[in-house]
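A short write-up of the structure that comes next.
Read-outs throughout are calculated quantities, based only on the coordinates presented, and are distinct from any laboratory measurement. What you see is a predicted model; the values in this text were computed from it and never measured. Quick reminder, even Gly has a Cβ in these numbers, built from the backbone with ideal geometry, and neighbours come from all protein chains shown.
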Amino acid sequence: MKSFAYATALSTDSARQLVADHGAYLAGGNDLLGLLKDYLISGPNILVNVKSLPGLNQIERGDKSWTIGALVTVAELERDPDIAKVFPGLHEAAMEIASPQIRNVATVGGNLAQHSRCWYFRQRDVSCLKKGGNLCYAREGDNRYHSLFSGNDCISPVVSSLGTTLAALDATAIVLRDGKETRLSMAELYRKAWTEPTAHHSLNPGDLILRVEIPTARTASAYLQVSDKHTFDWALVSCAAAANIAGGKLNQPRVALGSISPVPHQVEAANAFLDGKTLDDDIVSQAADLILKDARPLAHNAYKVPMAHALVRRTLLKLKS
Ligand SMILES: Cc1cc2nc3c(=O)[nH]c(=O)nc-3n(C[C@H](O)[C@H](O)[C@H](O)COP(=O)(O)OP(=O)(O)OC[C@H]3O[C@@H](n4cnc5c(N)ncnc54)[C@H](O)[C@@H]3O)c2cc1C
Ligand code: SF4
């Protein structure tokens, strides 16, 4: 492993100064240390441990919104009984992540900022587009885990289950950028990965996720995923849905899918179609048609289209329970 300095930051300002242009924030380390050990990233010259930053490990429960600090662990989301009641979809997503050991240390901020799982990207000797090379090996190679949608030549999908669920919940990430707090929707947090092959998300070097804010307006939420393995695995396809349900009708519904696009996949036409509807088999099927209308399967990932269709239907119907 390339040598690096190590420092623990005690304030967000010092974290930003220490990380400067060539450092990296270290939270649970699940992703970052793997990238370093496998020589997949060319820096950083300093790892700045952010786990001692004050206040970022709190969950604050308000009437209109909750804030979840970037250092809250996935296990804390999973175990909090109020999260299970107020945001059941978030609780379900947390329960599906990796294994109990990983969830105990994996943080919300690190989960949102994790890097691609594309198996070509994860090979140290392969220099694909994402690493600044000139070829996407997955396009003509084994693309069974890749995207059905992309705005650029890289087809590596977003794999953050929390990012997908927070997109359906209309959450905002509060990011310390250039000394100021900047608010990014989940669409904005990942937008750069849609257009730029080298991007995993829209964070600039030195941007620090402080917390996420989730409105409580949507009283129902649900999350489902399908994986090769029952546990300790990323999703082949994941789906989150959220809405307020009054008199059996959906209000402000949102559906987001993970692992099929470089960003949480959301289709405004489907959300608009669902607004005011009562959930039944026909309605959820029409919504799934809209969501997947423009899918562009590759040689080995066409199975994701019917899988995503079924997940959208099941996740939406789960909102009723
Ligand atoms: C076998 C396995 C299965 C998995 N399955 C899933 C799954 O199904 N769904 C899923 O979502 N994840 C899954 N994961 C990924 C895991 O959840 C992430 O690796 C973990 O959440 C990363 O969090 P961390 O705190 O360890 O991040 P770190 O490894 O510390 O950091 C990850 C990245 O985020 C940056 N970072 C960390 N904190 C911040 C911050 N506050 N602001 C800005 N940047 C920051 C770091 O610099 C680094 O680039 C799986 C992992 C494994 C090993
Ligand atoms: S999908 Fe992206 S990460 Fe994977 S080989 Fe292609 S360019 Fe690289």
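Computed from backbone phi, the HN-Hα couplings of the range 49-62 come to 5, 9, 5, 9, 5, x, x, 8, 9, 9, 10, 10, 10, x Hz, rounded to whole numbers (Karplus: 6.51 cos²θ - 1.76 cosθ + 1.60, θ = phi - 60°; Gly and Pro given as x).
Can you pull out the trypsin sites (Lys or Arg not before Pro) in the range 202-241 whose DSSP state is coil and whose Cβ has at most 13 other Cβ atoms within 10 Å? Those satisfying the criteria are Lys229.
Residues Phe232, Phe273, ranked from the fewest to the most other C-beta atoms within 10 Å, line up as Phe232, Phe273. Put simply, the amide H of Asn143, placed in the peptide plane, has neighbours under 5 Å in His300, leaving out anything fewer than 5 places away on its chain.
The ranking of Phe4, Phe149 from fewest to most other beta carbons within 10 Å of each one's beta carbon is Phe4, Phe149. Does the range 47-174 classify as rounded, prolate or oblate by the C-alpha gyration tensor (a ≥ b ≥ c root eigenvalues; a/c under 1.5 gives rounded; else a/b over b/c gives prolate, otherwise oblate)? It comes out prolate by the Cα gyration axes. Exposure proxy for Tyr223, Tyr190, Tyr39: other Cβ atoms within 10 Å of each Cβ, ordered fewest to most, give Tyr39, Tyr190, Tyr223. Amide H contacts for Ser65 (H built 1.01 Å from N in the peptide plane; partners 5 or more residues away or on another chain; cut-off under 5 Å): Thr216.
Would you mind classifying the range 129-235 by shape? Square roots of the alpha carbon gyration tensor eigenvalues, ordered a ≥ b ≥ c; an a/c under 1.5 is rounded, otherwise it is prolate if a/b is larger than b/c and oblate if not. Because a/c hits 1.5 or more and a/b fails to exceed b/c, the range 129-235 counts as oblate. Ordering Tyr137, Phe149, Cys118 by the projection of their Cα atoms onto the charge dipole of the range 39-197, which places +1 on the Cβ of Lys and Arg and -1 on the Cβ of Asp and Glu, puts Tyr137 at the extreme positive end. Of the residues Phe87, Val105, Ala5, the one whose Cα sits farthest towards the positive end of the charge dipole of the range 1-113 is Ala5 (charges of +1 on Lys and Arg Cβ, -1 on Asp and Glu Cβ, taken about the Cα centre).
For the range 1-57, relative contact order (Cα pairs under 8 Å, six or more residues apart, normalised by length) works out to 54 percent. Computed from the alpha carbon atoms alone, the convex hull of the chain holds 123 Å³ per residue. Residue-wise HN-Hα couplings along the range 166-180, as the Karplus relation 6.51 cos²θ - 1.76 cosθ + 1.60 with θ = phi - 60° gives them from phi, are 5, 5, 5, 7, 6, 7, 10, 8, 9, 10, 7, 10, 6, x, 10 Hz; Gly and Pro carry x.
Averaging the sequence gap over all C-alpha pairs within less than 8 Å and six or more residues apart, then dividing by the number of residues, gives the chain a relative contact order of 17 percent. Applying the criteria of a DSSP loop state and at most 12 other Cβ atoms within 10 Å to the GluC sites (Glu not before Pro) of the range 44-121 yields no site.
Secondary-structure-derived ellipticity at 222 nm for the chain, considering helices only, amounts to -8500 deg cm²/dmol, per-run term -39500 (n - 2.57) for DSSP H runs with n ≥ 4. Can you give me the Cα centroid spacing of the range 227-286 and the range 1-34 in angstrom? What the calculation gives is 36 Å, centre to centre. The trypsin sites (Lys or Arg not before Pro) found in the range 39-95 that occupy coil by DSSP, while having at most 14 further C-beta atoms within 10 Å, are Lys64.
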